[in-house]
């Protein structure tokens, strides 16, 4: 299999402080890869560096043969990377429809954009009921659905998801994970950052464990889920 | 009653000009959280460009019959283009490189750009007011007890049409939506494929175009252009934008008309030398008691 995304020796700094040190990641086409780790381990930073939101100090990020270093976030998005950021970051003062339309910003054909919005609404029927509402008035679960739906409009080949279950009721989390499984089944490669490591490993093929800005472990999801050290640290002892 | 209506008409006319300028402050603030202090001078520049075109055409004897309409249109379009390009040029040269600097840096830069433009315009046009060609015929019309000039009607109509066009542009067009998205959340906008730098440049272009319309109608309305016009008009328009809620488009229009009325009625009732006091007292009162303005969001949007 060929790597869809390859991260080599990635270093990122935040105002002089080392946030990521020598990160190596590989994501193959069709995989679901989980990034696990404690708060501050560098999971969100990794996703933001891949999307171009943070400057890369050294190292390479290669997506489908293109080097992403020094490309702007909008150019990276147009290459086919979708990013559902931490905290959802929907446009709260705009309507649900406008949020979805903005998801299709790079699509030239209005008709094509409308078709894709319909597809997204088929995945999230709740959003159809709220289509003319201001996005800020949606519940947390609906906002997360909108954030994912907005990213799907561009039909990304690679979808980066940052804590999609954060702050949501268990039933809603279950729905979201079912949707992710469905999106993956349609051919989208996924990188998933999750606090809910159990759910993430149940969905993922492989996982990386980050600690203090470095990769501490990488293995198949099944192996990580059974590893006593991982279980103790991220899955909670039972 | 007669005088009251005349002042009302004056206030609407002044207000239309302030509203157009205030929109420029509010658009730029909405997207960059920057008070573009040079904006008033972009308005002055537009006025002088329109004046130059009209003077040139009049000297060439082209302002007769259909040529008059064409000449007025040419002056208006030239003012729009000149102010739009100037404003976008300021952003490109002065503000863009400060995008990641502390907020005070672009603010001080804006004040510097303002001084520079004022001095350049003074070098170009001199320090005395220059009479604006009196090209729009101005017979007085009697509507009931209200007496208005045709010029006043043209000025207000032009401003209102411009504002309606802006409203539809911002609400409906793809670029308008991109502007609103960048204003709300720059990172999220870039993640959906919006080129943030280009969108900010377009915002300056549009804000400048509005200042160009204001420059033309201001010249017609005041009958002159002066290198420091933009300083006073800019401060009043800025007050209007704050009164309406800075960053809020409808607020800038409302604030513009209210400040125009306030200036007109305070001049009538307590004297012209006090109208500045009245206008800037409003600025202070708004900043103290309702900093988010009349139509501004009072609820925090960011968690």
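Some notes on this structure:
- Choice from B:271, B:260, B:219 showing the highest fluctuation, given a GNM over chain B with Cα pairs closer than 10 Å: B:271
- Theoretical gain in end-to-end length, residue B:115 to residue B:101 [0.36 nm per residue, Cα-Cα removed]: 2.9 nm
- Relative packing of peptides A:5-12, B:42-49, B:187-194, A:225-232 - highest average C-beta neighbours within 10 Å first: B:42-49, B:187-194, A:5-12, A:225-232
- When both the stretch B:80-115 and the stretch B:27-70 are represented by their alpha-carbon centers, they are found 19 Å apart.
- In terms of other Cβ atoms within 10 Å, B:163, A:145, B:261 run from fewest to most in the order B:261, B:163, A:145.
- The separation of the stretch B:230-303 from the stretch A:82-153, counted between C-alpha centres, amounts to 36 Å.
- Computed per residue of chain B from DSSP H runs no shorter than four, each worth -39500 (n - 2.57), the mean residue ellipticity at 222 nm is -25000 deg cm²/dmol.
- Nearest 10 degrees, 0 to 90: helix B:39-59 Cα axis against chain B principal axis: 40 degrees
- Across peptide B:191-203, the mean count of Cβ atoms from other chains lying within 10 Å of each residue's own Cβ comes to 6.
- Relative contact order (percent, whole number), chain A, Cα cutoff 8 Å, 6+ residue spacing: 27 percent
- Inter-label distance, nm, simple model (7 Å from Cα along the C-beta direction), residue B:270/residue B:150: 3.8 nm
- Computed on the stretch A:146-238, with alpha-carbon pairs under 8 angstrom and 6+ residues apart, the relative contact order is 22 percent.
- Tensor-based shape of the stretch B:98-150 (alpha-carbon gyration tensor, a/c under 1.5 rounded, otherwise prolate or oblate): oblate
- Computed extension length for residue A:67-residue A:171: 33.5 nm, one decimal, from 0.36 nm per residue of separation with the Cα-Cα distance subtracted.
- Taking every C-alpha pair closer than 8 Å and separated by at least 6 residues, the mean separation divided by the residue count of the stretch B:1-111 gives a relative contact order of 28 percent.
- Ranking of B:31, B:160, A:17 by neighbouring Cβ atoms within 10 Å, starting from the fewest: A:17, B:160, B:31.
- Cα gyration tensor shape of the stretch A:84-155, rounded if a/c is under 1.5, else prolate or oblate by comparing a/b with b/c: prolate
- Per-pair calculated FRET efficiency, R0 = 51 Å: residue A:178 and residue B:169 via Cβ, rounded to 0.05: 0.80
- In this structure, residue B:289 and residue B:127 have a Cβ-Cβ separation that, at R0 = 45 Å, corresponds to a calculated FRET efficiency of about 0.70.
- Averaged over the residues of peptide A:95-102, the number of Cβ atoms from other protein chains lying within 10 Å of each residue's Cβ is 3.
- Order of B:17, B:246, A:131 - criterion: other Cβ atoms within 10 Å of each residue's Cβ, fewest first: A:131, B:246, B:17
- Gyration tensor (alpha-carbon) shape descriptor, the stretch B:2-289, a/c threshold 1.5: prolate
- Potential lengthening of the chain between residue A:139 and residue A:108 amounts to 8.0 nm, from the contour at 0.36 nm per residue minus the alpha-carbon distance.
- Label-point separation in nm, residue B:224 to residue A:58, each point 7 Å along Cα→Cβ: 6.6 nm
- Principal-axis tilt of helix A:140-152 within chain A, Cα atoms, nearest 10 degrees: 90 degrees
- Of B:180, B:97, B:236, the one that fluctuates the most in a GNM where chain B has Cα springs shorter than 10 Å: B:97
- Principal-axis tilt of helix B:229-244 within chain B, Cα atoms, nearest 10 degrees: 60 degrees
- Most mobile of B:237, B:38, B:145 in a GNM of chain B (Cα contacts under 10 Å): B:145
Read-outs: derived from the displayed coordinates by stated rules, not from any lab. Given the structure is predicted, the values throughout are model-derived calculations rather than measurements. Every residue, glycine as well, gets a Cβ built from its backbone with ideal geometry; the counts of neighbours run over all protein chains shown.
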